[in-house]
Amino acid sequence: MVPTEMMPRWISRVLLGLILLLMCGGAPGDVFSSEVVIRSDHQFAFARQFLDRGDYPAAAAEFERFRYFFPDDPRGDEALYLIGFCRLREGRHDEARTLFGRLVNEGADPSLAARAMFMAGESYYEEGRMEEASAVFEEVVRRYPGLEIKNAALYRLGWVDLRRDQWEEASASFEGVSPESPLYGRAGLLAGESLKGPELPWKEPSTAGVLAAVLPGAGHAYVGRWKDGLVALLLNGVFIWAAVEAFDSDQDVLGGILAFLEVGWYSGNIYSAVNAAHKYNRKVRDDFRKGLDERLDLRLFTGGGGAVGLGVSWRF
């Protein structure tokens, strides 16, 4: 046997370490192995951190991981709702509706199912699909009359009607909000504001077209677009004058070409005037709605303490 003092120092250290390890009942692999235990509370909180920061793809991935590792956790439906919320904020509306639909159709808690149905309607609203949005919000009102989400649905129905220029219907929807709801005061204000819609300035497109036909440029002037009206008047005037001069000079071919071009400019002047009237009306109403929207529209929000849902901005 080789005396210890004759061994290289590193070999003796390795042997000594192995002897101590065996004396303690361990195995070499135990020194390098460890087990990570993920608790459901920690995983849910970890996902919430991404949600609160607005990192919706990461939050959705972590909530999906939560549902995979903890399929029996009672917060599974809530996690599914939050995944749908993340997809909605990402603009992935079809996917969000699929997830919300699962909660509505698979027996989730009524309060959560009601919120999920509302969010499905919200996804249509964000896409500008007012008919589908209206149908979903009406179903929320019908199916969940005893929950606060009914008032949010009525509030949103009012906005759907505002965006469709259905002023009286919008006012009626806002008036349907319960006095006990936090939305009641804002809804009452919007009910009154909605009735101002029919009084907004309006330019009749047919009138603009007739004026443009009688005198090129007059239709544009009618809707306040004076510069466009002046250009239309001068352009048509020049072509008419040039065509007349060509015919007077027996240049029939040139006169015919100029007359043909003038017909195009003249028709374009009428079409442009009608289109300008439509744009004027749309802008007036969009500006009216925007003024209300910036103060009183519903907002999706995430907040501390697990809050995820709807709120109302309130600015003067």
Would you check which residues across region 246-291 are in contact with a Phe, Trp or Tyr (Cβ under 7 Å, 6 or more places away or on another chain) and surrounded by 15 or more Cβ atoms within 10 Å (Cβ to Cβ) and list them? G255, L258, E262, W265, N281
What is the number of the single condition among (1) in contact (Cβ under 8 Å) with a residue 40 or more places away in the chain; (2) within 25 Å of F288 (Cα to Cα); (3) out of contact with any strand residue (DSSP E or B) (no Cβ under 9 Å at 6 or more places or on another chain) that A213 does not meet? (2)
Collect the residues in region 218-236 that are under 16 Å from Y266 (Cβ atoms), touching a residue at least 40 places away in the same chain (Cβ under 8 Å) and not small (G, A, S), keeping them in residue-number order. H220, D228
Does any residue in region 259-272 that is within 12 Å of L233 (Cβ to Cβ) come within less than 7 Å, Cβ to Cβ, of a residue that is surrounded by fewer than 18 Cβ atoms within 10 Å (Cβ to Cβ) and modelled with pLDDT under 85 six or more places away or on a different chain, and which pairs are these? W265/L235
Out of R142, R164, which single residue is farther than 19 Å from G91 by Cβ, modelled with pLDDT under 95 and of a type in the set (K, R)? R164
If you go through region 281-295 one residue at a time, do you hit one that is among the aromatic types (F, W, Y), out of contact with any Leu (no Cβ under 7 Å at 6 or more places or on another chain) and either in contact (Cβ under 8 Å) with a residue 60 or more places away in the chain or not assigned by TED's automatic domain parsing to the domain that holds S194 (or both)? no
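The values are calculated or read from the model by the stated rules, or taken from the named source; none is laboratory data. These numbers were taken from a predicted model, which means no experiment stands behind them. Note: ideal-geometry Cβ built from the backbone for every residue, glycine included; neighbour counts use all protein chains shown.
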